[in-house]
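Participant: Here it is, the structure in full.
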Amino acid sequence: MKKYLVAAVSVFVVSIQAYAQEQGKELFLTGAKPIACAVCHTLADAGSAGAIGPDLDELKPGKEQILKVMKEGMGAMPSFAQTMSDEERDAVATYVSSVAGQ
Ligand code: HEC
């Protein structure tokens, strides 16, 4: 019985993670407001080739670094603090930090 419970919980956790990854990717490509990240950044996993900001596959930013720049903005990059929720920013940061440089 316990074994089945553990298996069910693992499947649940894995599908939540997969969902967050999908949401992060979708936001990166089109959903992020005011402007989608893909317009300005290259990221192979997302198939984007933006060249206004740094190539994220080369930079390989960590999750905290991504959350910070999304909140504060940097140079030509706008802030996403007012236009996206904490959960949405978290999904993007989790996604980008897990696929950059792969
Ligand atoms: C309008 C273009 C633009 C958009 C849209 C944009 N960025 Fe940026 N981004 C930049 C530029 C330009 C820089 C470099 C700024 C500098 O070095 O002065 C940058 C820097 C960064 C950095 C590096 C931060 C550091 O610590 O050096 C990360 C990570 C990043 N962006 C992620 C994102 C993510 C994730 C999104 C979408 C939510 C996004 N960017 C949307 C232009 C953009």
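Participant: Once each part is reduced to its C-alpha centroid, what is the distance from segment 73-102 to segment 10-28 in angstrom?
Facilitator: When both Cα centres are located, 15 Å separates them.
Participant: By count of other Cβ within 10 Å, fewest leading, how are LYS3, LYS25 ordered?
Facilitator: Ordered by Cβ neighbours within 10 Å, fewest first: LYS3, LYS25.
Participant: Shifting gears a bit: For the chain, set up a GNM with springs between Cα atoms under 10 Å and report which of VAL69, VAL14, VAL92 has the largest fluctuation.
Facilitator: Between VAL69, VAL14, VAL92, it is VAL14 that shows the largest mean-square fluctuation.
Participant: With helices defined as uninterrupted DSSP H runs, which ones in the chain have an alpha carbon span along their own long axis of at least 24 Å and mean Kyte-Doolittle hydropathy of at least -1.0?
Facilitator: Going by DSSP H runs, the hits are 2-26.
Participant: Give me MET84, MET77, MET1, MET70 ranked fewest to most by other Cβ atoms within 10 Å of their Cβ, as a rough exposure proxy.
Facilitator: MET1, MET77, MET84, MET70
Participant: Would you mind classifying the chain by shape? Square roots of the alpha carbon gyration tensor eigenvalues, ordered a ≥ b ≥ c; an a/c under 1.5 is rounded, otherwise it is prolate if a/b is larger than b/c and oblate if not.
Facilitator: On the way: a/c = 2.57, a/b = 1.97, b/c = 1.31.
Since a/c reaches 1.5 and a/b is larger than b/c, the shape of the chain is classed as prolate.
Participant: Here's another thing I want to ask about it. Compute the length gained on full extension between VAL14 and ILE52: take 0.36 nm times their separation in residues and subtract their Cα-Cα distance, giving the result in nm to one decimal. Working shown, then result.
Facilitator: Numbers: separation 38, 0.36 × 38 = 13.68 nm, distance 3.44 nm.
My answer for the length gained is 10.2 nm.
Participant: What list do you get for TYR95, TYR4, TYR19 if you sort them by fewest beta carbons within 10 Å?
Facilitator: TYR4, TYR19, TYR95
Laboratory data are not the source of any read-out in this text; all were calculated from the coordinates shown. No experiment lies behind these values; they were computed from the predicted model shown. Every residue, glycine among them, receives a Cβ derived from its backbone with ideal geometry; neighbour counts consider all protein chains shown.
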